Amino acid sequence: MKPGEEQPLHACSLPGLLMGIASPSGERLRVPSGFFPVLRPSVGKTIPRRIAVTALALAAAACAGPRKVSLMDLSSDLEIRSLPTGAGVVDHGELLGHTPLTLPLAGGKSYELLFSMPGFTARSVSGTRESLMALAGGTLGVVLLPVGMKARPPGFDDVAGLTAVAQALERRGDWGGAAQFWDRVITVAPRDARAHRGMGSAFAKLGRDEEAVREYEQYLFLAPDAPDAVRVRRAVDSFRGGIELPSADADLK
């Protein structure tokens, strides 16, 4: 710094800031160079007290940092998931984000959560912090049905209901969506042979051959006497021998 130049004050150095901008008259304030970058005054330029005080208040608020989060605040966080994942979540017209997401719930506030995703029927869940926490137990899982599917939306752990949605998505050729539902079924019921079979088909259609083979092999392990066990084994063996699985899986279908 050259002799005679003012030492720039850091926006968060409040004691130095107060000492550096007070003018002898007390009516107008002299702003040091480098301070209040939004205003960008020149060295020695004076500005009205009310403007400087407002800027000082804004600087103080910025220096305070984010609001402290208490353990009690964390106990009111609602974990939100959906099937399919990536659904938009809107509350009273405001987009909160896309699933999965964590929503800090405020006491005394009423929520109207609308879940939507292209190709699926929108669904809403409403309530206060207390009712939502009681309903979900800290984690809210919402299942969306494909547009046109006439059924009651299943619960997040409803194996039969999730299986029905997965099969409906298969019939529509939505293999990515079907894979998500089959994955949830397997999470809830790891020994569900039909879910491993369905997951194998979804992976095969998505070109994820190795993963498809693993799911088919798990299906054969859980259901060795299934009516299609011989055909599934033939398809797996053909893939292991160098024949692409999608064509073999088409034969299974």
Restricting attention to region 154-164, the residues that are more than 17 Å from GLY198 (Cβ to Cβ) and surrounded by 17 or more Cβ atoms within 10 Å (Cβ to Cβ) number exactly 1
Residue hits (region 139-152; surrounded by fewer than 16 Cβ atoms within 10 Å (Cβ to Cβ) and either assigned to a strand (DSSP E or B) or not basic (Lys, Arg) (or both)) are THR139, VAL147, GLY148, MET149, ALA151
Just one listed residue, out of ARG129, ARG123, is buried (at least 17 other Cβ atoms within 10 Å of the Cβ), basic (Lys, Arg), at pLDDT below 95 and in the same structural domain as GLU79 (by TED's automatic domain parsing), and it is ARG129
When (1) modelled with pLDDT of 95 or more; (2) in contact with a helix residue (DSSP H, G or I) (Cβ under 7 Å, 6 or more places away or on another chain) are applied to ALA106, the one that fails is (1)
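ALA212: in a helix (DSSP H, G or I) and at pLDDT 95 or above, yes or no?
It is true that ALA212 is in a helix (DSSP H, G or I) and at pLDDT 95 or above.
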For GLN167, the lone unmet condition from (1) in a helix (DSSP H, G or I); (2) within 24 Å of the chain's Cα centre (by Cα) is (2)
Among residues of region 213-227 being closer than 15 Å to ALA193 by Cβ and of a type in the set (A, V, I, L, M, F, W, C), the residue surrounded by the most Cβ atoms within 10 Å (Cβ to Cβ) is LEU220
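The values are calculated or read from the model by the stated rules, or taken from the named source; none is laboratory data. Keep in mind it's a predicted model, so treat the numbers as computed, not measured. Ideal geometry is used to build each Cβ from the backbone, glycine not excepted, and the neighbour counts take in all protein chains shown.
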